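Trainee: Before we start, here is the structure in question, set down as C-alpha cells.
All of the numbers you see were taken from the coordinates with simple rules; none came from a lab. These numbers were taken from a predicted model, which means no experiment stands behind them. Backbone-built Cβ (ideal geometry, glycine too); neighbour counts: all protein chains shown.
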Amino acid sequence: MNAPVQPPADAPDAAKASRKRDLAQFIVCAVMLAVGGFLIVDALTLSAGFAKVDPVGPQLFPLVVGSGLLVLAVGLGFAILRGSTGEADGGEDVDLDSSGDWRTVGLLVGLFVVTIALVDFLGWAIIGTVLFAGAATILGSHHWVRNIAIGAVLGFGSFYAFYVGLGIPLPAGILDGIL
C-alpha cells in the first residue's frame, strides 16, 4: 500500500484557495440590483399613454427585465459567496500581462462627448458621419476616404431610416430644411 503524498510546505493551502472570493464581482451584483430596481420602480410609474388599447401595456417589458436582473444579481451573489469565480481570460491573441489601451479608450470617450455636445447643432446626419468615421479611424483603419464614405452612408442612412422608416425625427441641425 502506498502512503498518501503530502504537499510541499510552500504549496498554497487548497482549502484556502477554494474559499477565495472575487470581491470585485460584488460590484457587478450591486449594479445589477440598482438597474433592476430602477427598471421596476420606473415601470410602475409609466402611464398607458398611447398604448391604452394594448392589453399588455408598456409596463410588462421593463418589469420582466428588472425582475430578471434582480434574480440574477441574487444568484450571482450566492455563487460568489460559495467561492465561484470566473475563469481568467485565456487565448492565443490575449496578452494577460499587458495593460489596457487607455489612449484608444480616451479617444473614443472624447468622440462620444463631442457627438453628444454637437448633435443638436450639426444634426445627426453630419455628427453621425463624424462618429462612425472617427471611431473607425481611432480603432485602426487608415483608409480616411473610405471611413468618411462609409460614415456618411451610415449617418445619412440611419437618419432617413429613423425619419422615414420609423417616423422618429432625429435632429437635422444645420441641414434643417435641406434633408
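Trainee: Using R₀ = 22 Å, calculate the FRET efficiency as 1/(1 + (r/R₀)^6) where r is the Cβ-Cβ separation of PHE61 and VAL28; round to 0.05.
Mentor: Values: r = 23 Å, r/R0 = 1.03.
My answer for the efficiency is 0.45.
Trainee: Now, a different point. If we sort 97-105, 145-153, 162-170 on the protection proxy, mean other Cβ atoms within 10 Å, highest first, what's the order? Each step should come with its number before you reach the end.
Mentor: Working: 97-105: 8.2, 145-153: 15.2, 162-170: 11.4.
Ranking the peptides 97-105, 145-153, 162-170 by packing returns 145-153, 162-170, 97-105.
Trainee: While we're on this one: Residue by residue through the stretch 25-40, which ³J(HN,Hα) values in whole Hz follow from phi under the Karplus form 6.51 cos²θ - 1.76 cosθ + 1.60 (θ = phi - 60°), with glycine and proline marked x?
Mentor: 5, 5, 5, 4, 4, 5, 5, 4, 5, 5, 5, x, x, 4, 4, 5
Trainee: Right, here's the next one. When the Karplus curve 6.51 cos²θ - 1.76 cosθ + 1.60 is applied with θ = phi - 60°, which whole-Hz ³J(HN,Hα) does each residue of the stretch 135-143 get, with x for Gly and Pro?
Mentor: Going residue by residue, I get 5, 4, 5, 4, 7, x, 6, 9, 9 Hz, with x marking Gly and Pro.
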